[in-house]
Amino acid sequence: MREYKNEKLQTVICNKCGKVLTVENGILKEGCFRGKQTFDYFSDKDGEIHAFDLCESCYDDFVKSFQIPVSQKEETEFL
Ligand SMILES: [Zn+2]
């Protein structure tokens, strides 16, 4: 979960384990997976927007449970 103050990122907490991630001057300084989904008409959650954050450790545990591994490629330019 994320908390903002005056549109500046203040806090990021892993939704799974509750770890408070490092945020400095509005910038997240740790690996984090941000999940966000708007469920549409064809779902049972019509119009609901769900969002969560996972620390890198919880992300690793999460994807290890997959039957098919996540696809990976290298980012050559960081913004
Ligand atoms: Zn976690």
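No value in this document is a laboratory result; all are computed from the given coordinates. Quick caveat: nothing in here was measured; it's all calculated off a predicted structure. Quick reminder, even Gly has a Cβ in these numbers, built from the backbone with ideal geometry, and neighbours come from all protein chains shown.
Observations, loosely collected:
- The stretch 12-75: trypsin sites (Lys or Arg not before Pro) falling in loop per DSSP and having at most 12 other Cβ within 10 Å: Lys29, Lys45, Lys73
- Longest DSSP-loop-exposure-free segment, chymotrypsin sites (Phe, Trp or Tyr not before Pro), the chain, at most 15 other Cβ within 10 Å: 1-38
- Exceeding the 20 Å Cα-Cα cut-off - candidates Lys19/Lys45; Lys16/Lys36; Lys16/Lys73: Lys19/Lys45; Lys16/Lys73
- With 0.36 nm allotted per residue and the present C-alpha distance subtracted, the Val63-Gln10 stretch has 16.4 nm of extension available.
- Placing +1 on the Cβ of every Lys and Arg and -1 on the Cβ of every Asp and Glu, with no other charges, gives the stretch 2-60 a dipole of roughly 240 debye about its Cα centre.
- Viscosity 1.306 mPa s, temperature 10 °C, Stokes-Einstein D of the stretch 1-64 from Kirkwood C-alpha radius, µm²/s: 124 µm²/s
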